[in-house]
């Protein structure tokens, strides 16, 4: 299964980007989403909901540990918005 995700606009405070800037953030989001969307049951859930034009805005979860990056937290918000993985289905 191939998943195409297009983020049209993502607003992040420059101070939160840290070392590596926007490029590191983009790579972190891609890496985390790849891991999260490979979890069991995700493919079936995505097939049920089909194409999604937009996701509702959501609060990012707090970092679960000091080393957790912003990319992981954004990926978690996307996963939550899709309603797949850790939070059930949409």
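Coordinate-derived values only; no laboratory data. All figures in this text were calculated on a predicted structure; none of them were measured in a lab. Virtual Cβ from ideal backbone geometry, glycine too; neighbours counted across all protein chains shown.
Remarks
- Once C-alpha pairs closer than 8 Å and six or more residues apart are averaged by separation and normalised to the residue number of the chain, the relative contact order reads 34 percent.
- Sorting 20-33, 48-61, 68-81 by their mean Cβ neighbour count within 10 Å, with the most densely packed peptide first, gives 68-81, 20-33, 48-61.
- Spin-label proximity, residue 51 to region 1-38 - amide N less than 20 Å from point 7 Å beyond Cα toward beta carbon: 1-9
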